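Let me begin by presenting the structure, written as structure tokens, before commenting on it.
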Amino acid sequence: LVSTKLFNISSGTLHIKDSLNFWSGGRVSLKDVETKSEPVYEPATGRVLCQLQACGAADVDAAVRSASAAFTVWSKLAGMERARVMLEAARLIGKRREEIAEIEVVNNGKSITEARLDVDSARLCIEYFAGQATTLSGQHVQLPGGSFAYTRREPLGVCVGIGAWNYPFQIAAWKSAPAIACGNSMVFKPSPVTPVTAVLLAEIYSQAGAPEGLFSVVQGGQETGSLLCHHPSVAKVSFTGSVPTGKKIMEMASRGVKPVTLELGGKSPLIIFEDTDLENAVRGALMANFLSQGQVCSNGTRVFVQSSILPPFLKEVARRTKAIQIGDPLLDETRMGALVSKPHLEKVLGYVKQAKKEVQGARVLCGGEPFIPADPKLKDGYYMTPCVLDGCTDDMTCVREEIFGPVMSVLSFDTEDEVLRRANDSALGLAAGVFTKDVKRAHRVIENLQAGSCFINNYNITPVEVPFGGYKASGIGRENGQVTIEFYTQLKTVVVEMGDVDSLF
Ligand SMILES: NC(=O)c1ccc[n+]([C@@H]2O[C@H](COP(=O)([O-])OP(=O)(O)OC[C@H]3O[C@@H](n4cnc5c(N)ncnc54)[C@H](O)[C@@H]3O)[C@@H](O)[C@H]2O)c1
Ligand SMILES: C[N+](C)(C)CCCC=O
């Protein structure tokens, strides 16, 4: 797709007045005068973008009822018919690519270049699962005497999607595409920090011919999320967010014996061996740490570098990091925009301060400071310089905890056994990467890494045909790829007797 500035928003100019809640085929303004509203910010400028109205019990119930009604119609359509609607939705996303990307930037703070790629990933995901909708199938099992059994993949019902703030539109698509391909409907709750683009997806599905209520959006924070998880008509919860919230989601879902998909946090290792192509390894390390201002679950934030190549690696990584253009996220030349919120910026800067203070003390090779762009309208935005910490040790807080900001921790190692042990020494296991020219070593190391999403000689590329998800406390289930069909369907087994009933009674 050619990117053209169709919408052309400038930072500091967008005001959103329309309701961001959507069910029963349209945007819904909450009538309850008691409804609490909270401000939503534009990270690039620090200005209030809109007021968010959180849904209460009656609203959640209305959205779930509308989704239940949609399910009865949608689940009975042929896969080809569902695919047709989904392909039209994908086409509409392509048509509105620039508008969606720009609105995402205004609400999230990431660069427009990345936001466009996120919208593309959403579109591709819907196209991919449209294809899967036509191929849902079971198994035929031969039994003695000509009898047989078969299995059917059937939808679950109303699925709930709960999203994080780092990939708002993409997460909504990654959850809804497999759900609706399998014949389910979905009620989606975005993060209250980034509520504005999910409703665009709801409009698009609706324009594409989806029945009313197929994909609804309810806004709010943990109270609304918890109402959704507990709702008796909800069959499944698919969650993207932090580990502590993921545990709560699992607990709530367990009360209704509802299956969960959990895409949680990470503290992933990236291992760079001395025989690597150094230039590629440095590029990989930057991709592993600085996309979306470092606010990426799969980031390879523990960068293990073999000691013999540590000096040239550090020199090149620092040079490239210092050259990253920070600033107005809506400008094409910007490579790093603003972090998502002021409290989050302060938290990330706090990690850098602590890394310097800890017993061994990390060396700040570059960055880790608040940044004020020259453009006066950006002076209250949430910017910082991307940071590389050298001399880190395994026990440091910056190495153990998910920072979720542009902070790379570099650690040196000597042997393969040593680095494997250290890389696996984490409760999390979302992703991992290896850079080496030795093919045997690459596969051997990957086999021994405790992580669900692994990369050899690259990092953070997530084609929608490929399953994505974590080991250990990083999650349950997968998104994308064929296997995801299993997480949005239930299996029915049918035994067919071709002879007489051989009764014991
Ligand atoms: N593995 C992945 O695919 C993936 C992708 C993106 C982000 N993440 C993780 O998400 C985290 C950052 O996102 P965040 O700060 O929005 O996470 P979060 O856990 O604070 O919130 C995520 C969502 O859960 C909702 N929520 C919070 N408490 C709830 C409750 N008690 N019941 C129901 N819903 C509740 C929030 O409103 C939000 O919509 C990081 O840890 C990151 O690693 C993981
Ligand atoms: C597309 N990325 C960059 C791999 C992000 C996946 C979703 C995790 O935050």
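Pairs only if they're at least six apart or on different chains, beta carbon under 6 angstrom, first in the stretch 242-254 and closer than 18 Å to SER191 by Cβ, second part of a loop (DSSP other than H, G, I, E, B) and away from ligand 2 (no atom under 15 Å from the Cβ); list them, first residue then second.
Cβ pairs passing all conditions: VAL243/ALA473.
Which one of these does GLY405 not meet: (1) over 16 Å from VAL296 (Cα atoms); (2) touching a helix residue (DSSP H, G or I) at 6+ places or on another chain (Cβ under 9 Å)?
Checking GLY405 against (1) over 16 Å from VAL296 (Cα atoms); (2) touching a helix residue (DSSP H, G or I) at 6+ places or on another chain (Cβ under 9 Å), the one that fails is (1).
Here's a check for you: in the stretch 459-481, which residue that is among the hydroxyl-bearing types (Ser, Thr, Tyr) and within 12 Å of ligand 1 (Cβ to nearest atom) is surrounded by the most Cβ atoms within 10 Å (Cβ to Cβ)?
Of the residues in the stretch 459-481, the ones among the hydroxyl-bearing types (Ser, Thr, Tyr) are 459, 462, 471, 474.
Okay, now just the ones that are also within 12 Å of ligand 1 (Cβ to nearest atom), so 462, 471, 474.
On the way: THR462: 18, TYR471: 19, SER474: 29.
Once the filter is applied, the top-ranked residue is SER474.
Can you name the residue in the stretch 482-495 that is of a type outside the set (Ser, Thr, Tyr) and open to solvent by less than 40 Å² (accessible area, probe 1.4 Å) and, of all such residues, is farthest from ALA130 (Cα to Cα)? It would help to see each step written out before you state the result.
Within the stretch 482-495, the first condition is being of a type outside the set (Ser, Thr, Tyr), and the residues that meet it are 482-483, 485-487, 490-492, 494-495.
With open to solvent by less than 40 Å² (accessible area, probe 1.4 Å) added as a condition, the list becomes 485, 494.
Numbers: ILE485: 12, VAL494: 27 Å.
In this case the residue turns out to be VAL494.
How do the strands (runs of 3 or more DSSP E) wholly within the stretch 71-189 filter down when requiring 1 or more residues that are charged (D, E, K, R): which remain? Before the answer, list the steps.
Numbers: elements: 140-142, 148-155, 158-162, 185-189.
Ranges flagged: 148-155, 185-189.
Given the criteria assigned by the TED database to the domain that holds LEU411 and modelled with pLDDT under 95, does VAL359 qualify? Explain how you work it out, then say what you get.
Numbers: assigned by the TED database to the domain that holds LEU411: yes; modelled with pLDDT under 95: yes.
Yes: the conditions hold for VAL359.
Tell me, please, whether a residue that is touching a Cys at 6+ places or on another chain (Cβ under 7 Å), farther than 23 Å from GLU98 by Cα and within 12 Å of ligand 1 (Cβ to nearest atom) can be found in the stretch 165-183.
no
Pairs needed: first member in the stretch 462-481, over 16 Å from GLY266 (Cα atoms); second member anywhere, of a type in the set (A, V, I, L, M, F, W, C) and more than 11 Å from ligand 2 (Cβ to nearest atom); C-beta distance under 6 Å; at least 6 residues apart or different chains.
Taking only residues 6 or more apart or on different chains, the pairs are VAL464/LEU124; PRO467/VAL483.
Which of the residues that make up the stretch 89-110 are among the aliphatic types (A, V, I, L, M) and either open to solvent by less than 10 Å² (accessible area, probe 1.4 Å) or without any contact (Cβ under 8 Å) to a residue 24 or more places away in the chain (or both)? Give the derivation first.
Here is the first cut: in the stretch 89-110, the ones among the aliphatic types (A, V, I, L, M) are 89-90, 92-93, 100-101, 103, 105-106.
Hits for the stretch 89-110 are ALA89, ALA90, ILE93, ILE100, ALA101, VAL105, VAL106.
For the stretch 411-428, what are the residues that are in contact with a Ser or Thr (Cβ under 6 Å, 6 or more places away or on another chain), under 24 Å from VAL296 (Cα atoms) and surrounded by fewer than 23 Cβ atoms within 10 Å (Cβ to Cβ)? Before you say what the answer is, go through the steps one by one.
First, the residues of the stretch 411-428 that are in contact with a Ser or Thr (Cβ under 6 Å, 6 or more places away or on another chain): 412, 414, 428.
This time we only want the ones that are under 24 Å from VAL296 (Cα atoms), so: 412, 428.
Passing the criteria: only SER412.
Scanning for something more than 16 Å from ligand 1 (Cβ to nearest atom) and of a type in the set (Val, Ile, Thr), does the stretch 51-69 turn up at least one residue?
Taking every residue of the stretch 51-69 in turn, none turns out to be more than 16 Å from ligand 1 (Cβ to nearest atom) and of a type in the set (Val, Ile, Thr).
Name the residues in the stretch 330-343 that are within 16 Å of ligand 2 (Cβ to nearest atom) and open to solvent by less than 20 Å² (accessible area, probe 1.4 Å), would you? Even if it seems obvious, please write down each step before you answer.
Kept after step one, since they are within 16 Å of ligand 2 (Cβ to nearest atom), are these residues of the stretch 330-343: 335-337, 339-340.
Once the filter is applied, which keeps residues that are within 16 Å of ligand 2 (Cβ to nearest atom) and open to solvent by less than 20 Å² (accessible area, probe 1.4 Å), the stretch 330-343 yields MET336, GLY337, LEU339, VAL340.
For the stretch 140-151, check the following and say yes or no: at least one residue is among the aliphatic types (A, V, I, L, M), closer than 25 Å to SER66 by Cα and either crowded, with 24+ Cβ neighbours inside 10 Å or away from ligand 2 (no atom under 14 Å from the Cβ) (or both).
First pass over the stretch 140-151, keeping only residues among the aliphatic types (A, V, I, L, M): 141, 143, 149.
Subsequent filtering for residues that are closer than 25 Å to SER66 by Cα retains none.
No, every residue in the stretch 140-151 fails to be among the aliphatic types (A, V, I, L, M), closer than 25 Å to SER66 by Cα and either crowded, with 24+ Cβ neighbours inside 10 Å or away from ligand 2 (no atom under 14 Å from the Cβ) (or both).
Out of all the residues in the stretch 20-57, which are at pLDDT 95 or above, more than 24 Å from the chain's Cα centre (by Cα) and among the hydroxyl-bearing types (Ser, Thr, Tyr)?
Within the stretch 20-57, SER24, THR45 qualify.
Test SER238 against the stated conditions and say whether it is within 19 Å of the chain's Cα centre (by Cα), among the hydroxyl-bearing types (Ser, Thr, Tyr) and within 15 Å of ligand 1 (Cβ to nearest atom). Working first, answer last.
Working: within 19 Å of the chain's Cα centre (by Cα): yes; among the hydroxyl-bearing types (Ser, Thr, Tyr): yes; within 15 Å of ligand 1 (Cβ to nearest atom): yes.
Yes, satisfied.
Just checking, how many residues over the stretch 189-212 are under 15 Å from GLY25 (Cβ atoms) and within 16 Å of the chain's Cα centre (by Cα)?
So the count comes out to 1.
The values are calculated or read from the model by the stated rules, or taken from the named source; none is laboratory data. These figures come from a predicted structure and were not determined experimentally. FYI the Cβ positions are ideal-geometry reconstructions off the backbone, even for glycines, and counts take in every protein chain you see. Surface accessibility is based on the protein's heavy atoms, side chains included, excluding ligands, DNA and RNA. Shrake-Rupley method; radii C 1.70, N 1.55, O 1.52, S 1.80 Å.
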